[in-house]
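Down below is the structure, laid out as structure tokens.
Every number in this text was worked out from the coordinates using simple rules, so none of it is lab data. Not measured: the values here are computed from a predicted model.
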Amino acid sequence: MIDTHAPAGERHDGSARRHFKRPAERAFTARERARVTLLFGGLTVRHDQLMAAGIEGLGYRAQAILPPTKADFQAGREYGNNGQCNPTYFTVGALVNFLKHLRDEQGLPVERILADYVFVTVGSCGPCRFGMYEAEYRLALRNSGFDGFRVLVFSQEAGLSQSEAAEVGLALNPLFFATLINAVMVGDLLTELTHQLRPYEVEAGATDRILARCLAICQEALRQGEDANRAGMMWRGLAKLLSLDDADSYADLLAQYRGQRLCAALERCRALIEAGFAVDYTRPRPVAKITGEFWAQTTEGDGNFHMFRFLEGEGAEVLVEPVATWIDYTLYHARQWMRDRQGLAAGDMPWRGGLRQAWRYRKNLLLLTLASKLFRRAYERRRLALGGTAHALASQFELQRVGHPYYNSRCGGGEGHLEVAKNIYYSHRNLAHLVLSLKPFGCMPSTQSDGAQAAVLAHYPDMSFLPVETSGEGDINAYSRVQMALGEAQAKCRQEFGQALARSGWRLEDIRAFVARHPDLQRPLLQIPHPPGVTGLAARFILYVAGQMDRDQTWAGRKSAVPAEGAT
């Protein structure tokens with residue numbers, strides 16, 4: 001409490017007031033790379049483990065912190081400020097409890113922890129508490145007895161917080177970012193495939209067992225890295241044309257884009273999945289698309305009430321949101337920002353200055369456009385290497401087109417217009433029966449999106465959309481609300497499945513008998529067409545198999561005039 005009767009610059013006890021300053025930390029230098037472990041986390045277990053493998057391949061020591069639990073939430077509230085949002089408490093508490101585990105259970109002295117571990121995270125400004133994460137980490141670390149623990153924060157605006165060091169320990173070059181992006185892509189694909197296959201597996205636990213082996217294969221590929229020699233000559237010529245410095249680094253970047261070793265690893269995973277287990281696609285499952293605030297829609301644990309597992313337990317197929325969508329969005333938003341500001345200062349410049357500005361604009365726009373196209377192409381190559389059943393990235397232009405009338409696409413913060421746009425995109429294109437938006441309590445950008453969703457639902461009354469706020473507690477109430485919305489989605493799914501059976505002209509028993517005699521129809525990565533107006537995988541599968549049965553002469557005479565209604 002401020003003492004208004006004390007003289008300026010003094011406290012009520014006579015001591016001088018001191019303004020808060022960012023604490024000076026010992027820099028992480030290149031000489032420490034062989035000894036210091038980089039800690040990070042915040043995404044799914046697969047993403048974090050793949051990123052750790054990629055960082056190790058660059059010569060660092062890396063370790064991912066496990067997804068946070070309610071105990072981490074309580075630690076974040078205990079050691080941090082009041083009034084913070086859900087992701088802050090969970091992620092800050094996870095770091096504190098990890099360090100306490102090293103100190104209290106493994107017996108490492110605090111001095112050793114401060115010297116041998118560094119936490120790397122992301123920071124930003126914007127209309128949310130995300131910009132205060134760095135201060136929260138430092139406050140909680142000080143209050144929990146780890147004052148002086150090094151936190152490296154990379155932000156979109158200022159780069160790395162310790163980049164001014166003479167021998168910077170964490171080199172943020174194109175190869176570093178390309179390696180992380182490769183890990184994110186693979187993490188997205190393996191995560192989506194897990195949720196796509198698990199509801200239909202014949203043997204319980206088979207999906208998790210086989211995908212764990214796939215994860216290990218991809219980790220090893222990321223540790224080995226890519227060969228830049230083949231890509232070097234081509235990129236060095238392009239780098240010289242665009243007047244780029246450090247052409248060798250960009251040659252490494254192009255090698256990461258090509259991803260020869262990584263794509264080969266994904267093809268091995270594809271063969272492993274195909275031979276590993278069987279699926280039964282005749283069981284109808286409503287598709288629940290996950291959107292919302294970035295962290296809440298991504299994490300797998302207490303931070304979003306284990307919502308993915310809960311939905312699967314209720315009989316749904318979960319369509320998760322890839323992290324790659326947000327990366328693609330940032331590239332698209334940067335190009336839009338650049339176009340909006342083209343030539344704003346040209347009127348105050350002589351003609352030569354205007355020409356130089358025009359050249360810089362064209363060059364930077366070309367680089368952003370090239371980066372966006374290479375990123376999307378790289379994701380598609382990896383998606384096809386893994387079988388092509390995971391969804392392709394949504395078009396950012398299409399998302400802007402459908403979302404802008406309800407949420408101005410120039411607004412930044414959080415996911416911008418994406419929450420609104422994805423609700424329309426996935427519902428209107430028959431990609432989901434239910435859109436579930438997960439967000440922390442009091443998340444301002446996501447709350448703004450919920451306000452715009454009222455207008456969306458007024459124009460699209462057939463949509464099934466449910467926003468759910470998460471906190472450290474309150475999971476029972478959230479489950480109850482989700483169950484009610486999921487009941488409506490299940491009714492849509494069953495109706496759609498019955499219509500598919502009627503349209504096929506076959507009984508469900510006949511279709512299952514045909515599938516049993518054709519093992520190729522029980523393959524996990526079977527390519528099933530997506531007819532217009534059909535959402536569920538089971539309904540699509542019924543129509544696909546019925547077409548094969550109609551062409552099979554041995555089954556032609558068995559077709560029933562009136563197929564069985566309903567589903568089992």
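Amide H of residue 117 versus every other amide H placed in the peptide plane: which residues, excluding those fewer than 5 positions away on the same chain, fall under 5 Å?
Amide H to amide H, under 5 Å and 5 or more residues apart or across chains, residue 117 pairs with 37.
With just the Cα atoms defining each centre, how far is the stretch 407-430 from the stretch 314-338? Give it in Å.
Result: 10 Å between the Cα centres.
What value in Å³ per residue do you get for the convex hull of the alpha-carbon atoms in the stretch 306-433?
126
Taking each pair of distinct Cα atoms in the stretch 452-519 once, what is the resulting Kirkwood hydrodynamic radius in Å?
Hydrodynamic radius (Kirkwood, Cα pairs) of the stretch 452-519 is 15.5 Å.
In the calculated pair distance distribution of the stretch 491-558, what percentage of Cα-Cα distances lie above 17 Å?
The answer is 39 percent, as a whole percent.
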